[in-house]
Structure formats: C-alpha cells, structure tokens
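Everything below concerns the one structure shown next.
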Amino acid sequence: MTGVPERQVIISGVGRSAVGRRLGRESLDLTLDACLAAIADAGLAPSDIDGLTTWPDIKGELGGFVGPSVAQMQQLLRLDLSWHLGAVDGGNVLGVLAEAALAVSARLARHVLVYRTLTEASAHGARKPRAVLANSGDPWLVTYGVGSTVQFAAMWAQHHFHTYGTTREQLAWVALNGRRHAALNPDAIFAEPLTIDDYLRARMISEPLGLFDCDIPSDGAHALVVSHRDFRRDTDAPVFLEAMGVARPRTSSWAFWPDLDEMAADGCAEQLWSRTTLGPSDVDVAGLYDGFSIFTLLWLEALGFCGRGESGAFVEGGERTGLTGILPLNTSGGQLSEGRYVGFGFVHEMCQQLRHRAGGRQVVGAEVGLVAVGGGPLAQAFLLTNRS
Amino acid sequence: MGAEPARPVPVVDDLTREFWTGGERGELRITACAECGRLFHPPGPICPSCHCRRITYVVVSGSGTVDSFTVVRRPWIDGYETPYVVARVRLRDQPDVVLLSNIVGVDPEEVRMGMDVEAVFETRAQVQVPVFRPTR
Ligand SMILES: [Zn+2]
C-alpha cells in the first residue's frame, strides 16, 4: 500500500453512550459506556488498546465542555499505552482523530481509543448558560460585548449575504435539511418537523443568525477505535481513512481573521484533496459542521461541492442534500438537530453510513463519505471509505 | 441608566496602553513596525509582516469602513444591553488592519456593510475604549 500515511488507518470501532438533553449522568459514566462500546464494536478487549487520546484534556469542566482526562482513563482501565495525547489546543475539534491516525500509521500504537464527552445540557440546566468567550477574559472580545462564537459566525454570514445575495430563506435549509433527517434518527434531540416559517419566526440571536442557526448543548460521549489496517480481521467492518486535512492558514484568531471570504476550511480542504485521487464528485454522503448553519454553507464552497458564493442556492429547497440527492448532507440531523457533540457526532454517523447501518436514513450504496468540522480559524476534514 | 452594570474595563499592559488610552487626546493609536512601517492589530511584540521586534505606536486617522457586523439580540456581557452592534472595522490608513469594535451613535437597524465610520472613545474607568460611529 502506497500513498499518504493516513491510508494505513482504519476506524475499527465506534461507540456512543446514551445521548440527549440533561441526562443527569456523570461525565465519567457516559465516557466509560462509549469507550467500552467502541472497543467491543472493534472486536477487541480493553487490554488491546495501546493508544489513548481526547480533547480538551484540561483542568475544569468548563460548563460541561470537558470530559475525563487521558490520565484518569488510563488509570481506570489500566491500559499499557505505547502512545497517548491529552490535547489542549483550543482549535482541536477532531484534531485528535488526525493525531491518532498519525500515531498508528507511525506504528507507535496499534489501536488508539479516541473519546470525547460533553455534558453541556446538564451543566447549562444548573445555571445561566455559559458564555464561552465571555469567560475567556480576552480583552479584545469582552471589552466589545463579544461573548460567543455566534457573533463571529454572524459576521461571516453577513458577509456572505452582502457579497453573494444569500438569504435567510436559503440558509434556513441547513436547519430544515438536518431536521428532516433527524426524524429518521432515534438518537436525535429534535426530531419534530421544522418549517421555514418556524425558522423565520424564531428569535434572533445575532443577526442574521437566529435560534435555529445555533446548535443544541447536549449530553453524551463518543468513542472511536483507530487502528492500523494490518490489525483488521475478516470479521471486521472497518471504515478506511482515505485522506485528511488539518491545515490552519493565516491566523488562529476568530476576532482578527483577515478576510471573511475565507475560513481555515479553505486551506484544510485544499490539503485534503491534495492527498487523494478522489474528488468532490466521488463523495456519496457528507457531514459538514453546523455548529452554526453558515459554516455548512462555507464548507460546501471550500470543499468544491459548489462555487464560491453558490452554497445558498445549492441547499435551497433541500433536493440536492436529501438522502437521494446528489450530496446527502448531515444525515444524522447534524448538531442543529441531533445534538452538539463537537464533531464526533458526524464521525459516528459517517461510520454508520459507510457500514450500511444507518437504518431509515441510510444512503443507499454509500461508499465514500466526507466529514469536515470547525468554522472560522478551526478546520479538520476526513475522507472515509468502506473500500479497502 | 445608573442601575446598569458597568461595561468591561480591559486590563491594560505596557503593550496595549497606548491603544486603550490614546483617546485621552482624541487619538486612535495603532501598533506599527519601526522597520517596515506597517500597521498591525492587535498589538504584539513582533511585526507580523517582517518579523522585526522594534514596535512603535502611530496615530491613525480614525477613519474606517464596516467590513462586517452583527446586531446582537441575545445578551452575553454585563453592561451590554441588547440590541447592540459588534463590527469589524477596516482602517482607512491601511485596510488590511481590522479592529473588532462596536458601532455607536446610530440605530442598530441603520448600520450597513461598507459604511464609513470614525473612531470615538468611550470612557470606562481609567481607559478610553475606541469604538466607531458613522462619519459625519
Ligand atoms: Zn515590519
């Protein structure tokens, strides 16, 4: 096997705890559920796990944003680790999946357990919703009333509306498309139908973004076993990593990003496509980050599914992005409807799709899937297949 | 208005003092490279263009344009009653310099993309916070 190192890598198992709103479960309890499920799904035992990583691995629970540390999980499971990474970089999102892939392709580990736990719904239920950036103490933000990433997302949206004529009625289809798929997903938090009138009537959060443009704080843990393809067995149903992109061009700053015609997604997508002979037309199903709806539109353009400025028209009406459309998109419902698992929900769903285990929302014959996460200065993208 | 919580006061350090206090003299002060002369923001100890470490402050015109903005409808920060406008302002002196700021002195509904704006200063404790209003 030649090519980029990540092509040596498979996702051999996936696991998910109970997920939803205000489960009232301990973060560690959810994490153990997801990790044991992923290990069992890979046909392995905990003693087979020799790599371990999560993000963010930092002190404090930050309103349910931070789960158990790598140190704690290693201790509890008594893992003999040949590689580990408790990631602290604030721009990580799914960066730990890329790191795990590098570790197994470098043969530092055979089976890396990657996990991510969120209990934001329970944490927010206990007190006033956390203003993430408001607590950052960053004087360049707080001094000007900037307390949430939604305000940056809104300025990217405003730029797109102004420059390309994109409308709220078009942007709505990111939410509407996700919601109709969520109706077919038993794990989704919001599954009842959403109409364009519901969307347009909802309260504004930061113009032009309203309530349904913002994802839902949720509770739940996800885990993946990332393995070297040499260690797969005939009985496994692996998902193969074809290529990945992790680039962060220009700056790490949300506040001082130089040009709202771009996001880090553009550099990341370019890197992804430079590492594979496949292209946008080969993708059967996509999960594109919808922490804020506008990011999905900008990823569509960055990845070349449509031209610059054309994403509003691309999603409008929902035909192209439905389960039988040219690009089935956010088939789990995405973070807007399934729940906010900060990227891991998209990977979980893509593995279900590529193993043809997605039930009523299965994209028939899906072979190539693309997951791309982040917005603004954050971006990672993974091209996955079920073909060896 | 007296009952409203105060707006945040930024922590000032040696690097940022001139930005936060230039308003005492009605001046918008921006960091510039002593070698290549280019402006940059936020203040830092190194020029992002030529990586020279000699940094100075210069007084700019205070004129700019609204690169993008959002009318904030949900409250996030004490002292900021909704609605208020958060904007990216490009400086006329060097348009690749973007300031994250507020647009004041105008109905939030009246703010437009590309609008010409000028710096004004909001007194908060010992600092003068640069914000922008439509050019008169
Ligand atoms: Zn310089």
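Derivation of every value follows stated rules applied to the coordinates shown; laboratory data play no part. Note that this is a predicted model, so its numbers are computed, not measured. Ideal geometry is used to build each Cβ from the backbone, glycine not excepted, and the neighbour counts take in all protein chains shown.
For region B:1-42, the alpha carbon convex hull comes to 103 Å³ per residue, rounded to a whole number. With the cut-off at under 20 Å, measuring from each backbone N in region B:10-34 to a point 7 Å along the Cα-to-Cβ line of B:Cys52 picks out B:15-16, B:18-19, B:29-34.
Work out the length of the dipole vector of the protein assembly as shown about its Cα centre, built from +1 on the beta-carbon of each Lys and Arg and -1 on the beta-carbon of each Asp and Glu, and round it to the nearest 20 debye.
460
Extension gain for A:Glu319 to A:Arg250 (0.36 nm times residue separation, less C-alpha to C-alpha distance): 21.3 nm.
Take the Kirkwood radius over Cα pairs of region B:17-134, plug it into Stokes-Einstein at 20 °C and 1.002 mPa s, and you get 144 µm²/s for translational diffusion.
Across peptide B:123-130, the average count of Cβ atoms from other chains found within 10 Å of a residue's Cβ is 1. How big is D for chain A, in µm² s⁻¹ as a whole number, if Stokes-Einstein is applied with the Kirkwood radius of its Cα pairs at 25 °C and 0.890 mPa s? In µm²/s, the coefficient rounds to 119. For the options A:Leu194, A:Leu378, A:Leu77, a Gaussian network treatment of chain A with springs between C-alpha atoms closer than 10 Å singles out A:Leu77 as fluctuating the most.
Taking a cut-off of 23 Å, what percent of all Cα-Cα pairs in region A:226-332 are separated by more than that? In whole percent, the share of Cα-Cα pairs in region A:226-332 beyond 23 Å is 37. Compactness of region A:146-223 was expressed as the Cα radius of gyration divided by 2.2 N^0.38 Å, which yields 1.20.
Peptide B:80-90 shows a mean partner chain C-beta count of 4 within 10 Å per residue C-beta. Amide H contacts of B:Ile55: B:Ala34, each under 5 Å away and 5 or more positions distant or on a separate chain (H built 1.01 Å from N in the peptide plane; Pro and chain starts excluded).
Gyration tensor over the Cα atoms of region B:17-77: the corresponding equivalent ellipsoid has semi-axes (square roots of 5 times the eigenvalues, largest first) of 26, 15, 12 Å. The amide H of B:Asn102, built 1.01 Å from its N in the peptide plane, has B:Ala87, B:Phe132 as neighbours under 5 Å, considering only residues 5 or more places off or on other chains.
The phi torsions of region B:112-125, fed into the Karplus equation with coefficients 6.51, -1.76 and 1.60 and a -60° offset, translate into couplings of 10, 4, x, 4, 6, 9, 9, 6, 9, 10, 9, 6, 9, 6 Hz, rounded to whole numbers, with Gly and Pro shown as x.
Can you find, among A:Ile10, A:Ile189, A:Leu209, the residue farthest towards the positive end of the dipole of the protein assembly as shown? Put +1 on the C-beta of Lys and Arg, -1 on that of Asp and Glu. Toward the positive end, the furthest listed residue is A:Ile10. At each listed q (0.20, 0.25, 0.34 Å⁻¹), what is the log10 of I(q)/I(0) that the Debye formula gives for region A:158-197 modelled as equal alpha-carbon point scatterers? Treating every Cα as an identical point scatterer, log10 I(q)/I(0) equals -0.62, -0.77, -1.08.
Can you give the average number of partner chain beta-carbon atoms within 10 Å of each beta-carbon in peptide A:149-159, as a whole number? Intermediate values should be presented prior to the final figure.
Working: counts 0, 4, 7, 5, 1, 7, 8, 2, 2, 10, 5.
Per-residue shielding by partner chains comes out at 5.
Cα extents for region B:95-136 along the principal axes, largest to smallest and rounded to whole angstrom: 32, 27, 17.
Within a Cβ distance under 11 Å of B:Arg29, other residues only, what is the Lys/Arg minus Asp/Glu net charge?
Local net charge: -1.
The length gained by stretching the chain between A:His356 and A:Asp198 to full extension, at 0.36 nm per residue less their Cα-Cα distance, is 53.6 nm.
Computed on chain A, with alpha-carbon pairs under 8 angstrom and 6+ residues apart, the relative contact order is 23 percent. Using a cutoff of 8 angstrom between alpha carbon atoms and counting only pairs six or more residues apart, the relative contact order for region B:17-134 works out to 24 percent.
Would you please calculate the Kirkwood hydrodynamic radius of region A:327-388 over all C-alpha pairs and express it in Å, rounded to one decimal?
Values: mean 1/r = 0.0829 Å⁻¹.
12.1 Å is the Kirkwood radius here.
Computed from phi, the 3J(HN,Hα) profile of region A:264-275 under the Karplus parametrisation 6.51, -1.76, 1.60 (θ = phi - 60°) reads 4, 3, 5, x, 5, 5, 4, 5, 4, 5, 6, 10 Hz, with x in place of Gly and Pro. Across region A:153-162, coupling constants 3J(HN,Hα) worked out from phi with the 6.51/-1.76/1.60 Karplus curve, θ = phi - 60°, read 4, 4, 6, 5, 5, 4, 4, 5, 4, 5 Hz, and Gly and Pro carry x.
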